[in-house]
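The values are calculated or read from the model by the stated rules, or taken from the named source; none is laboratory data. Everything numeric here is computed off the predicted structure, so don't read it as measured data. Every residue, glycine as well, gets a Cβ built from its backbone with ideal geometry; the counts of neighbours run over all protein chains shown. These accessible areas exclude ligands, DNA and RNA; they are computed on the full protein's heavy atoms, side chains included. Shrake-Rupley method; radii C 1.70, N 1.55, O 1.52, S 1.80 Å.
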Amino acid sequence: MPDPAPAQPAGPQPDPAPPAPQRDVPQPAVLHLVTDPRRRGAQNLARDLHAELLRRGQRSDLRALQPHPDAPADADVPVLGPARFHPRTLRALRAAARRADVVVAHGSSTLPACALALLGTRTPFVYVNIGDPRHWTASASRRLRVGAFLHRAAAVAAISDGARQVLVDRFRLPPQRVRTIPNARPAERFPPAADAADRQTARAALGLPADGPLLAWVGAVAPEKRLDLALDALALLPAAHLAVAGDGPLRAALAARDTTGRVTFLGDLADPAPLYRAADALLLTSDSEGVPGVLVEAALAALPAVATDVGWVGEVVQDGVTGTLVPPGDAAALAAAVDRLLADARHGVGAAARRHALARFDLAVVADAWQQLIARTARAPRG
């Protein structure tokens, strides 16, 4: 198995992780907690990690705090209660945690839920920080509140060394309790297009144009994701078509802006892999991000990206090597970068993106680091 060292923070560690757990030794029982059953960034990582731990023979369970109207009808994540912090939800979480040796909390709402529900229990929890904490704790009152909850966690997993340092400095967390574990996806789920015919087949299956440059945009159609910026850039790229995979509160208003017929709204895709095979480039236009899973997925599929340089996007998109970074909010820079990327040999940039993603963001690599952290954090596993 590849060396899991990239999953550890740079520099000396005050409390180094133990060796990877032996597969023939009973491993701690894990409860993964997500906010709701939607297929979004934090939820996708939780699903994938849960499945990988099960595949490795470790006991693992997955639960959501609350339902969500946008969750797919076939959502496979049991819900604990009617709302995130409803007393019934917190009681159900406390009961579920008793059956686990450690809880892994994925997503911001799961942090206060675990801090409250697990108070006084023997079950520790690990908080997984996905986004940019500088963005979601902008106010002093929110920093104080979040900091108090973070200090209740037995460990915190950061998606990059930069995010780790922000967490340590901003919330005065003990450095040995904050570990760098990159975002990850299973590489086998996102194979590159085999050839031009494979790309054409993927386009046809999605109802997308057979000819011309195709740009993919994947994410929640919400204000911070800035789909409007992608539409502005598209207006400067008259030969290109844009495929939007995702849904959200701004979809209707932004769809009404398309008077060219060069935008296809696909809605939420249960599997975005065919879109990555169909497209020539991925656009990420957000004003705030951590290390987005969509960039990892696209890179594994050998699809280069043009992305706004926010958060720790540069961990995946190495400017000029695996894609291009542009300033946030600049549609002209976004369009120019797409033009340059499409003019280059797509295969070379895409292949570099895939090599980088396989080395750092493949779940097979990252799950080793997760098993180390879980074993280090959990109470004594049950026989």
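Some values worked out for this structure:
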quantity: Projected label distance in nm at residue 332 and residue 201, using a 7 Å step from Cα toward the beta-carbon; calculated: 4.4 nm
quantity: Residue with peak Gaussian network fluctuation, the chain [Cα springs, cutoff 10 Å], from 95, 140, 154; calculated: 140
quantity: Fraction of antiparallel bridges per DSSP, the range 28-129 only, in percent to nearest 5; calculated: 0 percent
quantity: Reference-scaled alpha-carbon Rg (2.2 N^0.38 Å with N residues) for the range 39-161; calculated: 1.05
quantity: Angstrom value of the Kirkwood radius, inverse mean 1/r, which spans all Cα pairs in the chain; calculated: 21.4 Å
quantity: Segments 120-132, 304-316 sorted - mean Cβ within 10 Å per residue, highest first; calculated: 304-316, 120-132
quantity: Carbon + sulfur, % of accessible area of the chain - ligands and nucleic acids excluded, 1.4 Å; calculated: 55 percent
quantity: The range 191-196 - phi-based ³J(HN,Hα) in whole Hz, Karplus 6.51/-1.76/1.60, Gly and Pro as x; calculated: x, x, 4, 5, 6, 4
quantity: For residue 178, distant residues with modelled amide H under 5 Å away; calculated: 156
quantity: Average accessible surface area per residue within the range 26-76, 1.4 Å rolling probe, Å²; calculated: 40 Å²
quantity: Ranked by how many other beta carbons lie within 10 Å on average, peptides 258-270, 365-377, 287-299 from highest; calculated: 287-299, 365-377, 258-270
quantity: Per principal axis, descending, Cα span of the range 32-76 in whole Å; calculated: 33, 18, 15
quantity: Of 112, 249, 186, the one that fluctuates the most in a GNM where the chain has Cα springs shorter than 10 Å; calculated: 249
quantity: Residue-averaged [θ]222 nm for the chain, counting only DSSP H segments that reach four residues, each worth -39500 (n - 2.57); calculated: -11000 deg cm²/dmol
quantity: Two-decimal Rg/Rh across the range 140-188, once Rg and the Kirkwood Rh are taken from alpha-carbon atoms; calculated: 1.06
quantity: Relative packing of 173-183, 204-214, which averages over residues the other C-beta atoms within 10 Å, highest first; calculated: 173-183, 204-214
quantity: Gain on full stretching of the segment that runs from residue 68 to residue 88 - 0.36 nm per residue minus C-alpha separation; calculated: 5.5 nm
quantity: Spherically averaged projected area in nm², based on the convex hull that wraps the Cα atoms of the range 282-365; calculated: 4.7 nm²
quantity: Largest to smallest principal axis extent of the C-alpha atoms in the range 175-297, angstrom; calculated: 54, 35, 24
quantity: Pairwise label distance in nanometres, residue 309 with residue 194, each label 7 Å out on the Cα-Cβ vector; calculated: 4.0 nm
quantity: Exposure of residue 145 as accessible area (Å², to 10), given a probe of 1.4 Å and all protein chains; calculated: 110 Å²
quantity: Rh by Kirkwood over Cα pairs, then Stokes-Einstein D for the range 102-226 at 0.692 mPa s and 37 °C, µm²/s; calculated: 188 µm²/s
quantity: Accessible area (Å², per residue) of the range 103-215, counting only protein heavy atoms and a probe of 1.4 Å; calculated: 40 Å²
quantity: Long-range HN-HN contacts of residue 132 with modeled amide H, under 5 Å; calculated: 289, 290
quantity: Residue-by-residue Karplus 3J(HN,Hα) for the range 59-64, coefficients 6.51, -1.76, 1.60, Hz, glycine and proline x; calculated: 6, 8, 9, 9, 9, 10
